[in-house]
């Protein structure tokens with residue numbers, strides 16, 4: 001996935017779990033005197049901490065799936081291909097690949 005310049009998720013896992021990954025800021029409303037000193041707390045809301053997210057992608061399986069998919073696309077003279085490797089017992093996604101691939105850091109030429 002991708003994030004924008006403000007680190008907000010705009011695609012993929014980052015977008016789906018944006019609120020979970022970023023948390024929420026707290027808020028405090030106060031009354032101040034003319035010197036800027038707090039003289040009264042009117043209300044406050046606690047911040048919500050950000051969470052971590054563990055993915056089930058296996059690096060070794062990812063490399064194997066990508067290699068075999070690239071070979072299959074070339075062998076079948078296909079324009080492209082996709083593969084998803086799922087653990088049938090848990091439903092975890094262990095590997096996911098597209099061919100041809102792209103570099104998410106290079107957005108030129110991306111629709």
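Per-structure values
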| item | result |
| --- | --- |
| Separation of the residue 15 and residue 80 label points, Cα + 7 Å toward Cβ, nm | 1.5 |
| Residues 19, 32 arranged by fewest to most Cβ contacts within 10 Å | 32, 19 |
| Crossing angle, helix 59-75 versus the chain [Cα axis fit, 0-90 degrees, rounded to tens] | 40 |
| The range 76-97 versus the range 7-55: alpha-carbon centroid distance in Å | 37 |
| Estimated Rh, the range 34-90: Kirkwood, alpha-carbon pairs, angstrom | 17.0 |
| Exposure proxy order (Cβ contacts within 10 Å, fewest to most) of 45, 70 | 45, 70 |
| Linear extension gain, residue 2 paired with residue 102, 0.36 nm per residue minus alpha-carbon span | 34.7 nm |
| Cβ-based exposure ranking for 57, 29, in which fewest neighbours within 10 Å come first | 29, 57 |
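Every number in this text was worked out from the coordinates using simple rules, so none of it is lab data. No experiment lies behind these values; they were computed from the predicted model shown. Heads up, the Cβs are rebuilt from the backbone with ideal geometry, glycines too, and the neighbour counts pull from every protein chain shown.
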